[in-house]
Amino acid sequence: MEGDLQKSLSLRPNRRGDRNNQTASDKDSEAGFLSSGWASQDGYPVKIVWRKGFIRLVLVAGILWMLLILVALLFHIWSCQSTVSFLSVMCNKESKVYYMLDTMGLVSKPHRCPIPVANNPDKIIIPNGRTSDKIVKKLSYVMEDEISHNGSQSSPLFGGHISWKQREESFKLKSNMKVHCGFIQGGGADMDPVDIKYVKKCKFVVASGIFDGYDLPHQPSNISDRSKKLFCFLMAVDEVSLKFIRENATVKVDNDGGKWVGIWRLILLKHPPYDEPRRNGKVPKILTHRMFPEAQYSIWIDGKMELIVDPLLMLERYLWRGKHSFAIAQHKHHRSIYEEADANKRRKRYARPLIDLHMKIYYYEGMKEWNPKKGTASDVPEGAIILREHTAMNDLFSCLWFNEVHLFTPRDQLSFGYVAYRLGESFNFFMFPNCEYNSLFVLHPHTREHSSPIEWVKRLDELKNSNLRETRGGLGLFTPYPGNLKSVVLPNVTRTSKAG
């Protein structure tokens, strides 16, 4: 016992000595760490502290950036209310300041917004007479095709064999003009006599179209009794779509042989003029005045849409209130046709090399990228809804717009801005906000996804001696162009949105 006690007492000084030695060793380690940086393994806790500090720094920087954006937005909103012209210009969508803020993503764009329509369709006053034609007073159409006899084409084309010279002449405005405008004799898109007779009574038209069975007619809602009596609701269909509609919806036939699905009168177009269904769909969409020649006003709405606003209220809001005669919505994402073309290629909307060739022709002919100095909200529309008074100038615009679709790619959003550029200030149109456009309809999905083999073409040589190439449309892309397109370098595209 005594021996164990003595051993225990004898060990205590040693332990104290060990502690003192350990303390001295720790101090030496700290000194070594401070002098040699990260060399010591005992410095690992400091690494953790450093990492935590870095994370805090990143979080603080992120918060400061969000506060900066919030301050910029609040300043933008306040400046819109300001009476100071320098500040209020920031709210002008055509100003450089607004464009810069938009490019930086500092301008909020709601998907839908309220439409400032009148309250009661019954109280709408319809203007008397027509808008006067000041420049083009008389417009007539080429009805017979100049058929080539070199063996490349032996039958008439719906849009005609338009030469480069004829195309150029069509943009030179005169009081009396004769242009190509589809419906060449023997070119297809033939209407039944019973439908031709019916549409002659239509002065106010809501038009739509379904081709290749991609949609079913959607009944519009919120239509007043006055509009039901005033408007003809006309749905252009091909034979494939008519068969599909009969199999999936109720088609009623009246005493005169007219076919109806609810409020829609089906207008059958026999003998589709093009190989590509999307190009066929442009016939009633753009050439509404040719299909329904007695119409004074028309509203086009794509077949996949359900109209939810009274058409009389739409005409009052987009045409009569601002004394406009042509109205179309601004594209949500794109303002330049070259950005729209890039999105079309990314989403395989048509052959990529043909889209590039189409754009090279426009760039060669002077069509520059959109910028605020152009005086228009955008060069790219949302073409699914179009409101028109059928004046001679508007009808001419539609003809020239269709001719571009006939000659080049069927992507009409690429051609719209070009034709507006060529006609200049002679063609006036109202491009209304995209958020209002999205409030006009309910969008329904197609019954099946559209796909065409030509959409997958990546090189021009794939189209040589190939059945991928269209035989009745887009022939301008294969006709020698009277200019050096090899020297054309398309502008770089800044992608402002993932959406196309």
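The values are calculated or read from the model by the stated rules, or taken from the named source; none is laboratory data. All of these numbers come straight from a predicted model, not from anything done at the bench. Note that we place each Cβ from the backbone using ideal geometry, even for glycine, and neighbour counts take in every protein chain shown. The protein model used for the area step is the full one, side chains on, heavy atoms only, and it has no ligands, DNA or RNA in it. Shrake-Rupley method; radii C 1.70, N 1.55, O 1.52, S 1.80 Å.
Things worth noting here:
- A straight chain from Phe54 to Ser155 at 0.36 nm per residue would run longer than the Cα-Cα distance by 29.0 nm.
- Listed residue pairs exceeding 30 Å between alpha carbons, taken from Lys137/Lys285; Lys174/Lys373; Lys201/Lys348; Lys137/Lys486: Lys201/Lys348; Lys137/Lys486
- The percentage of C-alpha pairs in segment 159-475 whose separation is greater than 25 Å is 49%.
- Within the same chain, lysines fewer than 8 places from Lys52 are excluded, and of the rest, those with a Cα less than 26 Å from its Cα are Lys27.
- Computed from backbone phi, the HN-Hα couplings of segment 168-184 come to 5, 5, 5, 8, 8, 6, 9, 5, 10, 10, 10, 9, 5, 7, x, 6, 5 Hz, rounded to whole numbers (Karplus: 6.51 cos²θ - 1.76 cosθ + 1.60, θ = phi - 60°; Gly and Pro given as x).
- Taking the average, over residues, of other Cβ atoms within 10 Å as the packing measure, peptides 187-198, 456-467, 295-306 rank 295-306, 187-198, 456-467 from highest down.
- Residues whose amide H comes within less than 5 Å of that of Asp212, counting only those at least five positions distant or on another chain, are Asp238, Val240, Ser241 (H built at 1.01 Å from N in the peptide plane).
- Taking each residue as 0.36 nm, the span from Lys374 to Tyr481 lengthens on full extension beyond its C-alpha to C-alpha distance by 35.8 nm.
- Counted charge near Leu319, where neighbours are those whose Cβ lies closer than 15 Å (Asp, Glu -1; Lys, Arg +1): +2
- Listed values for segment 445-462 are Karplus-derived 3J(HN,Hα) couplings in whole Hz (6.51 cos²θ - 1.76 cosθ + 1.60, θ = phi - 60°), namely x, 5, 5, 7, 7, 7, 8, 10, x, 5, 5, 9, 6, 10, 9, 4, 5, 5, and x replaces Gly and Pro.
- Å² of accessible area per residue within segment 148-230, as computed with a 1.4 Å probe and no ligands counted: 49 Å²
- Solvent-accessible surface (1.4 angstrom probe) belonging to Glu247, in square angstrom, nearest 10: 120 Å²
- Interchain or long-range residues, amide H under 5 Å from Ala329's placed H: Glu382, Ile385, Phe432
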